[in-house]
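Engineer: Before we start, here is the structure in question, set down as structure tokens.
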Amino acid sequence: MGNIHIERIVEMDNALISPINSLLRQLTSREIALTESSLRQIIEDDACRLFIIYCGHEVAGMLSLGIYSSPTSRKAWIEDVVVDKKHRGKGLGRQLLQHAINYTRELSPITLMLTSNPARMEANALYRSEGFEQRCTNVYKMEL
């Protein structure tokens, strides 16, 4: 499978734009186009951590982690977990998830959360196998 490693992206690298856009097309049917400006904004945002998993020098997947404090507790949200279709079935999603858990554990005490579409059966099974518990809650959104 080659040299697999995970990096937190802390410096702007235009070479990431195309592979991240490819991953986004596999993650959602929404039309999202990452630009140099939007990638720079993510990297410079103190509340965001962007992790890329590489197979050799090739981007194989990503995960983002949002971290913030509220009156009820400190929280972290896992977002945008996706592994490129040609790299699926190799445990890369699990490696990304475990990396995010270990990274967040260093910020303890903190609550780590994520959401997942119920139709994503494999992803939901992965999250449960890593110790996430399903909550009985409604998720609402408002595009502004």
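Engineer: Mind checking which residues of the range 123-144 are open to solvent by 80 Å² or more (accessible area, probe 1.4 Å) and free of Cβ contacts under 8 Å to residues at least 24 places away in the same chain?
Structural biologist: Arg128, Glu133, Gln134, Arg135, Cys136, Thr137, Asn138, Tyr140, Lys141, Met142, Glu143, Leu144
Engineer: Mind checking which residues of the range 62-92 are of a type in the set (Gly, Ala, Ser), farther than 13 Å from Ile52 by Cβ and touching a helix residue (DSSP H, G or I) at 6+ places or on another chain (Cβ under 8 Å)?
Structural biologist: Answer for the range 62-92, where residues must be of a type in the set (Gly, Ala, Ser), farther than 13 Å from Ile52 by Cβ and touching a helix residue (DSSP H, G or I) at 6+ places or on another chain (Cβ under 8 Å): just Ala76.
Engineer: If you scan the range 54-85, which residues turn out to be outside any strand (DSSP E or B), touching a residue at least 24 places away in the same chain (Cβ under 8 Å) and closer than 21 Å to Arg25 by Cα? Explain how you work it out, then say what you get.
Structural biologist: Here is the first cut: in the range 54-85, the residues outside any strand (DSSP E or B) are 56-57, 70-73, 84-85.
In the following step, the residues that additionally are touching a residue at least 24 places away in the same chain (Cβ under 8 Å) were identified as 56, 73, 84-85.
Asp84, Lys85, listed by residue number.
Engineer: So for the range 18-29 (the condition being surrounded by 13 or more Cβ atoms within 10 Å (Cβ to Cβ) and within 21 Å of Arg128 (Cα to Cα)), does at least one residue qualify?
Structural biologist: Yes, there is a match, as at least one residue in the range 18-29 is surrounded by 13 or more Cβ atoms within 10 Å (Cβ to Cβ) and within 21 Å of Arg128 (Cα to Cα).
Engineer: For the range 1-47, which residues satisfy the criterion of being of a type in the set (Ser, Thr, Tyr) and assigned to a helix (DSSP H, G or I)?
Structural biologist: Correct list: Ser18, Ser22, Ser37, Ser38.
Engineer: Quick one: in the range 50-104, which of the residues that are within 16 Å of His5 (Cα to Cα) and of a type in the set (D, E, K, R) is surrounded by the most Cβ atoms within 10 Å (Cβ to Cβ)?
Structural biologist: Asp84
Engineer: Is at least one residue of the range 108-118 assigned to a strand (DSSP E or B), touching a Lys or Arg at 6+ places or on another chain (Cβ under 9 Å), open to solvent by less than 50 Å² (accessible area, probe 1.4 Å) and over 21 Å from Glu7 (Cβ atoms)?
Structural biologist: Yes, the range 108-118 contains at least one residue that is assigned to a strand (DSSP E or B), touching a Lys or Arg at 6+ places or on another chain (Cβ under 9 Å), open to solvent by less than 50 Å² (accessible area, probe 1.4 Å) and over 21 Å from Glu7 (Cβ atoms).
The values are calculated or read from the model by the stated rules, or taken from the named source; none is laboratory data. Owing to the predicted nature of the structure, the values given are computational and were not obtained by experimental measurement. For neighbour counting, all protein chains shown are included, and Cβ atoms are generated from backbone atoms with ideal geometry for every residue, glycine included. SASA here: full protein model, heavy atoms, side chains in, ligands and nucleic acids out. Shrake-Rupley method; radii C 1.70, N 1.55, O 1.52, S 1.80 Å.
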